[in-house]
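Here is the structure we will look at.
The values are calculated or read from the model by the stated rules, or taken from the named source; none is laboratory data. Values in this document were obtained by computation on a predicted structure and should not be read as measured data. Ideal geometry is used to build each Cβ from the backbone, glycine not excepted, and the neighbour counts take in all protein chains shown.
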Amino acid sequence: MKKSHTRLKIFFYLSLPITFLLVLLLMVGHLSWAKKYENKIYPGINIGTIPLGGLNKEEARTKINTISQKIEQEGIVFELNGIKINVPHQVTTDSIEFAQEAYQISPELSLEKAFNAGRENDWLTGFSRWLFGNYQIYHLKAEYTINEDVLKKFLKSEFSNQEVSSQNAMMSIDNQGELKIIPEKIGLSINYELAISETTKKLEDLDLSTIKLETNEIKPDTNAHNLENLISEAIKIGELAPIKIKAGEYFSIIDKKLLISWIKVDQNQKINLDQEKIKEFISKKLSIYVDQEVETPRFEIKNGKMSFWQAGKEGKKINIEQSSQQIISSILIDQKKEIIVEPEVIPFASLDNGEIIIKELLGTGHSNFVGSPSNRKKNIAVGAKSVHGLLIKPGEEFSLVKALGEINEKSGYFPELVIKGNKTVPEFGGGLCQVATTLFRSALVVGLPITARQNHSYRVSYYEPAGTDAAVYDPQPDIKFLNDTGNYILIQTRITGNDIYFDFWGTKDGRKATSTTPTVYNIVKPPATKTIVSSDLKPGEKKCTESAHNGADAFFDYSVIYPDGTNKEKRFKSHYIPWQAVCLVGASSTPATINPLTTTTPTTSSTAISTSTKEQ
């Protein structure tokens, strides 16, 4: 026992210096290794699929920037049924002028994540990286942002011809007046949730490979078998026709064929009427004749005095949701042959009973639209007239979208050409952004708080200097500002030649507003011209609908000093994407093979863009 105990003591005393020496060697080795990688990323560190181990920050930044710029320039490719669509990081979903960020990689945040990996406060973590860093790969996710709604909307517009709506089985009346059942149809929809999930993975891994889209079947709610058992009930409903539906002074007749087409089966397998079809009927047959916009009271200055110009007028609007439910109930339960739908009365905003004081000119905003085509000039005049004479209450937020009302032929607007679905078609209201820009500048001059403003997607000559423009498109973007002067503000518009002015009248409160000259930077050249093969032009004929625009960033600082000394400051930033020239070319008699990822696009391909041929 004594010998064994003695041996253990000897082993213990001998192992102490060996252990100490081993620990010392490990510490020296780790410190030496840490010193070597003091300004470098630790070995085995990847951002996505990109190895960054052993690189200093500048080297790693170059690698990350190279791949992130490639993704942003070339876009993420989606494929379905052999059709490929390139989705850039900025897309236009409604109009060419309003680009939105679909996704954005953050190179600097990704770089910091890679560099800090293993440098956490936990010493043991850094030590383990030293021991195993050369044998173990650490895949870190790239930093990015993604706007799922914008991405989904863009994919939906580009792949719309690959989706098929489901169709419920329905009843119909044939030429002999007999009731028959039209079978249901199964629909097809793209799995957008999976597409977004796959996009997220690609961004995390900085992966340029193509994303394969998948589709789901959409089963209809009602099939032919459901309807077969309800034929006798459907016949009784059809016997109610013709049914008169009246709204105000207008009415429409529901004949037997239309009434039968509304019949559906509900969740309880009972006969019902399709509310969506009835809503569509109300919208197309009643609302367009009955609905009336509210007319706001308007005033103007004449000979230095305010005079009455236009009285307010109530509006009318059919509540489509409630009216459709009323029609269903009146037919199925009450079995009425005449149904009266009462439009809702919308009161106009009444003015205060107190005295309205308009003393002086508060400020004037200006813009120039030289070079505009005839219809654009006409639309600018119509839009300016819509705003002329408006009186803004103290504390009221002004909205241009609200002030303009409906933008259509009935309102006096003229069409401008727009490319949609590979066809050049007219759209009403081109030019209203000139009105928005001028209002924005007027509110800045007066010193009013801007509550909503969005710049255009690309630089437009009408709105120079860059950074001082404002876009408008129903329902958004909008230009909004607040009347915080404590008094009424009267807007007056005037057009002289190619110059438009907005004069704001009211009572000065002593505030002083200043804006710096815009700073323009990050100039980016536009991509090569995009050619769209069109069957609407003669073979070889060429028609360019878009000119090229440089991309850029811009900002200016806005400051308002109030009488009490309060200084409110705001920086208005604008980002303009580079925009390529777009030309239509007449299709030749010999069909060409088109690669959807090139700058040439056939009119029969889903890769066509939706763009406006004229600036708003």
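Given the options ILE231, ILE237, ILE282, ILE245, name the one that is within 30 Å of LYS313 (Cβ to Cβ), aliphatic (A, V, I, L, M) and over 31 Å from the mean Cα position of the chain (by Cα).
Sole residue among the options that is within 30 Å of LYS313 (Cβ to Cβ), aliphatic (A, V, I, L, M) and over 31 Å from the mean Cα position of the chain (by Cα): ILE245.
For the stretch 449-480, how many residues meet the condition of being surrounded by fewer than 24 Cβ atoms within 10 Å (Cβ to Cβ), under 30 Å from GLY510 (Cβ atoms) and not small (Gly, Ala, Ser)?
8
Does the stretch 270-293 contain any residue that is modelled with pLDDT under 85 and either in a strand (DSSP E or B) or touching a helix residue (DSSP H, G or I) at 6+ places or on another chain (Cβ under 8 Å) (or both)?
Scanning the stretch 270-293, I find no residue that is modelled with pLDDT under 85 and either in a strand (DSSP E or B) or touching a helix residue (DSSP H, G or I) at 6+ places or on another chain (Cβ under 8 Å) (or both), so the answer is no.
Name the one entry in LYS530, LYS512 that is modelled with pLDDT of 90 or more, charged (D, E, K, R) and under 28 Å from ALA466 (Cβ atoms).
Exactly one of LYS530, LYS512 is modelled with pLDDT of 90 or more, charged (D, E, K, R) and under 28 Å from ALA466 (Cβ atoms), namely LYS512.
Sort out for me the strands (runs of 3 or more DSSP E) sitting completely within the stretch 321-371 that have 3 or more residues that are modelled with pLDDT under 95, over 28 Å from THR496 (Cβ atoms) and not basic (Lys, Arg).
Here the list reads 338-341, 344-346.
Can you find, within the stretch 374-387, the residue that is surrounded by the fewest Cβ atoms within 10 Å (Cβ to Cβ) among those that are at pLDDT 90 or above and over 10 Å from LEU432 (Cβ atoms)?
It comes out as LYS385.
Collect the residues in the stretch 56-78 that are closer than 15 Å to GLU108 by Cβ and either assigned to a loop (DSSP other than H, G, I, E, B) or charged (D, E, K, R) (or both), keeping them in residue-number order.
LYS57, GLU58, GLU59, ARG61, LYS63, GLU72
Here's the yes/no breakdown for (1) buried (at least 18 other Cβ atoms within 10 Å of the Cβ); (2) among the small types (Gly, Ala, Ser); (3) touching a helix residue (DSSP H, G or I) at 6+ places or on another chain (Cβ under 8 Å); (4) assigned by TED's automatic domain parsing to the domain that holds TYR289:
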{"residue": "ASP174", "(1), (2), (3), (4)": "no, no, no, no"}
{"residue": "SER209", "(1), (2), (3), (4)": "no, yes, yes, no"}
{"residue": "ILE218", "(1), (2), (3), (4)": "no, no, no, no"}
{"residue": "ASP221", "(1), (2), (3), (4)": "no, no, no, no"}
{"residue": "ALA224", "(1), (2), (3), (4)": "no, yes, no, no"}
{"residue": "LEU240", "(1), (2), (3), (4)": "no, no, yes, yes"}
{"residue": "LYS246", "(1), (2), (3), (4)": "no, no, no, yes"}
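Which residues, taken from the stretch 248-269, are loosely packed, with under 14 Cβ neighbours inside 10 Å and assigned to a strand (DSSP E or B)?
Within the stretch 248-269, ILE253 is the sole residue that qualifies.
Looking only at the stretch 51-69, filter to residues that are buried (at least 18 other Cβ atoms within 10 Å of the Cβ) and of a type in the set (Gly, Ala, Ser); which one of those is nearest to VAL524 (Cα to Cα)?
Top of the filtered list is SER68.
Look at the stretch 435-448 and say how many of its residues are part of a loop (DSSP other than H, G, I, E, B) and surrounded by fewer than 21 Cβ atoms within 10 Å (Cβ to Cβ).
Here the count works out to 0.
On the given criteria, is ASN498 surrounded by fewer than 20 Cβ atoms within 10 Å (Cβ to Cβ), in contact with a Phe, Trp or Tyr (Cβ under 8 Å, 6 or more places away or on another chain) and modelled with pLDDT of 90 or more?
In short, yes.
Please go through the stretch 193-221 and give me each residue that is within 25 Å of the chain's Cα centre (by Cα) and of a type in the set (Ser, Thr, Tyr), ordered by number.
Listed by number, the residues that qualify are SER197, THR199, THR200, THR210, THR215.
Can you name the residue in the stretch 533-561 that is charged (D, E, K, R) and in contact with a Lys or Arg (Cβ under 9 Å, 6 or more places away or on another chain) and is also modelled with the highest pLDDT among such residues?
The qualifying residue modelled with the highest pLDDT is ASP557.
State which residue is farthest from GLU193 (Cα to Cα) when the search covers only the stretch 110-163 and only residues that are modelled with pLDDT of 90 or more and among the β-branched types (Val, Ile, Thr).
Checked the stretch 110-163; the qualifying residue farthest from GLU193 (Cα to Cα) is THR145.
Filter the stretch 549-575 down to the residues that are among the small types (Gly, Ala, Ser) and buried (at least 17 other Cβ atoms within 10 Å of the Cβ), then identify the one that is nearest to HIS89 (Cα to Cα).
That would be GLY551.
Any idea which of (1) closer than 30 Å to LYS246 by Cβ; (2) not assigned by TED's automatic domain parsing to the domain that holds LYS244 is the one ILE328 doesn't satisfy?
(2)
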